Every structure is written in C-alpha cells, then in structure tokens.
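Working notes, beginning with the structure itself.
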Amino acid sequence: MSASYAADPVTSQGRRFVEPDPKYRTAFQRDRDRIIHSRAFRRLEYKTQVFVNHEGDLYRTRLTHSLEVAQIARSVARNMQLNEDLVEAIALAHDLGHTPFGHAGQDALNKCMAEYGGFEHNLQSLRVVDQLEDVYAQFSGLNLCFETREGILKHCAVKHAKKLGDVGERFLNKTQASLEAQLTNIADEIAYNNHDIDDGLRSGLIQLEQLIEVPVFREVWLEVQGLYPDLSGRRQVNEILRRLIGRMVIDLTETSFAAIKASGVQSLADVRQHDASLMQYSALMRQQKNELKHFLRENLYFHPTVYRSTWRAQQIIEALFGAFMHDVRLLPAKHQQFARELKQEQGDAGQARAIADYIAGMTDRYAISQYGELFDFT
Ligand code: MG
C-alpha cells in the first residue's frame, strides 16, 4: 500500500532510452538490480568512507555505508508508505561517483579539474549511471528511471544544472524532488553521523569522554547508564548509537508526516510544487544533529592522523592527474581512446574529463598501485 504522494513506477517519467517494462519486477526494482550488478557498485567495497580502506577491516567503506543508508531509508519509507524500491535504488547508487580516498580524493580531483569545469561527486554518480557503465548493447549507462536519477543528483550548482536536461530542471525552477529522494538524502546523513562516531571511537582518535560533552549524545549516554550501569566498551557504544539512530529516524518520520499533513499535498506533483522539502527533522533534532556534525568536523575529520592520510591522498590524485594530462599514453588503452575522443570534441577540458572519470573510478588500492607504478623507482 503506497501513499498517494509516493513515487509510483507505473507513472514514472521514464527512461532516456525507451525499453519494454520488465515482466515480474517494477521499473524501480529493475533500477535497483542494475545498480547492484554494475562495476561501479562493486568498486565501492574498496573505497574509503573516512578511514582509508586498508587501515582496518571493521571500518565502514563506501559499500557498507551505502547499505546502511539503504537500510535506514527503507525502514522510514515503509513506515511512511513511500516507495521502498526507489529509496533503495537511490541509496545504493548515491555514492557511485565518489573518488578513492573519500572527501580528500574528491577535493583533490576538484582542484585538478578547476580549469575544466570542476569535479563534484553527485554529478559524477549521475555520469556513472547515465554514461560510464558500458555493458548494455543498446545504450551507454544503466538507463535508469528519471526518479532514480533525480534522487542521485541531490545537489547541483545552477551552472551545471543547465546542462543536465530533465534532472537539472528542479535546480533552475526551484521545485522539489520526490519524497523518496528527500528521504534518502537525510538517511545518508543519519548513517554517516552515527557510523563515523562508531569508527572514530574504534580508531581511538576520539573518546567517549569528549562525546558526552555533546548534548544529544549525553542524553542517550545517560539513558544507557541508567539501564545498564556496568556496561562499557563496544556494547555500551552500540547501545548508545542504536538509540541515536532510532531517535533520528523516529523524529524524521513523525515530523515529516506532520509536515505532509499540514501541507495538504495529495500527489507527487504536489510534492514537487511545494515550496520546501517535506522530509524534515524537528527544530530540536536539527540543532542536535548539527552539534554532532560540528563535533565530528572539529575532532575527527581534521584529526592530525586523518589529515595525514588526507594529505597523502591528495598527493596521489594530483600526481596521477598531472601525469595523465601531460601524456595520455600513460593511460590504459580504453581510457586513452576515450580521452582522445573527448579531446577532439571538447578540447583540453574533454581530455581532463576522461582522466577524471578514470581516476574517480579507481579504488583506493588501485590508485595507490598506479601511483607506485608511475612514481616509485625503488
Ligand atoms: Mg553517502
């Protein structure tokens, strides 16, 4: 049973390349299945979320992060009678365009691409599913439905939106994406805020004593202390984090339900025309979540140890980009050909784009091995 304002695969705005409907699946299920079978999806296993992939086996990777996003988004979608297949598809695809080495990699590649239109991972995720996957006979990309593609493109600068056709329009005319897209965007944030705390504590870079200075964390810590005064270590951390996730999910569900009701939206078309996002937290939870984010930024993302691996990642990305720009013959044959084709069409910016596609597609360890091959003479 779906809500009247949920996205519906039967009334989807369709695929760029028209295909017959699948027999025993909905269009959104097919999108989800294509994403899982893609190469970019398998590479997520070896891409960094915050901690570089080889630092430890228990840290989140882009793959486990994406699975956690899907889990959270699906559970809210089911409660709110939104389309569960669509949120799953968006969640599993949302980070397909991420570079190796997490945000450090994206920032470094964006810097390399400054003269050539920049690099932005949301746009790259869309580029992966629209163009770069090349396994189907009749089209490039995965030929996903409009609703999945709009969900993948969660942010976009106006200058880029102009070139994106249908999925770029909402950034120009200030309309909203589906509730499923709005939800998945928030589920992403719920997942990383909580798992980054978990990974941060596991790494020893942040301590419980620091975290209990953050009001919402302290509240939940006190709750767990009251229930299990002798609990410590992993079990204590997990009892705190499962409650934190629960609070965010429940707050999001209840606040959004109330906002939808108050708005009077009846259909997806109404959702799109509404003047703001209807999936939302209460004012209190928004503040609490911002305090947590602020803590993570101050104490984890720029921790000297993390910053060192960030710096190393930047050196690797910049060196690879520089080498390939200098001489495309250093690229593997397929990418070399693509770089030459794009250069013919668009000049240096085209060549740079093909190189950015190649580098963005790399896993952490592949990027490190390529760097070793080109620059390590020992
Ligand atoms: Mg994410």
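Label reach from Gln287 (point 7 Å along Cα→C-beta): in segment 199-222, amide nitrogens under 16 Å belong to 214-219.
With each run of n ≥ 4 DSSP H residues scored as -39500 (n - 2.57), what mean residue ellipticity at 222 nm is computed for the chain after dividing by its residue count and rounding to the nearest 500 deg cm²/dmol? Taken over the chain, the calculation gives -19000 deg cm²/dmol.
Once you have a ≥ b ≥ c as the square roots of the Cα gyration tensor eigenvalues for segment 18-155, tell me rounded if a/c is under 1.5, and otherwise prolate or oblate according to whether a/b is larger than b/c. Don't skip to the answer; put the middle values down first.
Values: a/c = 1.85, a/b = 1.30, b/c = 1.43.
Here segment 18-155 falls in the oblate category.
Only aspartates and glutamates eight or more places from Lys261 in sequence, or on another chain, were considered; those with a Cα closer than 17 Å are Glu180, Asp251, Asp270, Asp275. Each 5 Å bin, from zero up to the one with the longest distance, holds this percent of the alpha carbon pairs of segment 80-211: 2, 9, 16, 19, 19, 15, 10, 6, 3, 1, 0, 0.
Positive end of the dipole of the chain (Cβ unit charges, origin at the Cα centre): among Gln351, His274, Ser203, the Cα lying farthest that way belongs to Gln351. Pick from Leu227, Leu123, Leu92 the residue whose mean-square fluctuation is largest in a GNM of the chain, springs joining Cα atoms under 10 Å. Result for the chain, Cα springs under 10 Å: Leu227 fluctuates most. Largest mean-square fluctuation among Val158, Val167, Val216, in a Gaussian network model of the chain whose springs join Cα atoms under 10 Å apart, belongs to Val158. Taking a straight Cα-Cα cut-off under 21 Å and skipping sequence neighbours fewer than 8 places away in the same chain, the lysines within cross-link reach of Lys174 are Lys154, Lys159, Lys162, Lys163. Length available on full extension from Val135 to Ser369: 0.36 nm per residue minus the Cα-Cα distance, which gives 81.7 nm. Beyond 31 Å in Cα-Cα separation lie the following of the pairs Lys23/Lys47; Lys47/Lys293; Lys111/Lys293: Lys23/Lys47. The label-point distance for Arg243 and Lys159, in a model that sets each label 7 Å from Cα toward Cβ, rounds to 4.8 nm.
Run the accessible area of the chain with a 1.4 Å probe and give the carbon-and-sulfur part as a rounded percent. Don't skip to the end; give the middle numbers.
Values: 9180 of 18070 Å².
Of the solvent-accessible surface of the chain, carbon and sulfur hold 51 percent.
Considering only Asp230, Asp357, Asp188, the Gaussian network model of the chain with Cα springs below 10 Å gives its largest mean-square fluctuation to Asp230. Between Lys334 and Gln207, the distance separating the two model label sites (each 7 Å from Cα on the Cα→Cβ line) works out to 5.0 nm. Using a simple spin-label model with pseudo-atoms 7 Å out from Cα toward Cβ, Asn173 and Ile36 lie 3.5 nm apart.
For segment 136-191, taking Cα atoms only, Rg and Dmax work out to 12.6, 38 Å respectively. Residues of segment 109-128 with backbone nitrogen within less than 15 Å of a virtual label 7 Å along the Cα-to-Cβ line of Glu341, please, listed as ranges. Residues 128 qualify, since their backbone N sits under 15 Å from the label point.
Where the alpha-carbon atoms of the chain are placed on the principal axes, they occupy 64, 54, 37 Å, in descending order. Here Lys334 is the anchor, and the aspartates and glutamates within straight C-alpha reach of less than 15 Å, apart from those fewer than 8 places off in the same chain, are Glu133, Asp134, Asp357.
Report the gain in length on full extension from Leu58 to Lys23: 0.36 nm times residue separation, minus Cα-Cα distance, nm rounded to one decimal.
Full extension of this stretch gives 8.7 nm more.
For the peptides 321-331, 245-255, the ranking by mean Cβ contacts within 10 Å, running from highest to lowest, is 245-255, 321-331. Counting only Cβ charges, +1 for Lys and Arg and -1 for Asp and Glu, the dipole size of the chain around its Cα centre is about 400 debye.
The values are calculated or read from the model by the stated rules, or taken from the named source; none is laboratory data. Every value quoted in this text rests on a predicted model; they were computed, and no experiment measured them. Glycine also receives a Cβ, built like all others from the backbone with ideal geometry; neighbour counts cover every protein chain displayed. All accessible areas refer to the heavy atoms of the entire protein, side chains included, with ligands and DNA or RNA removed. Shrake-Rupley method; radii C 1.70, N 1.55, O 1.52, S 1.80 Å.
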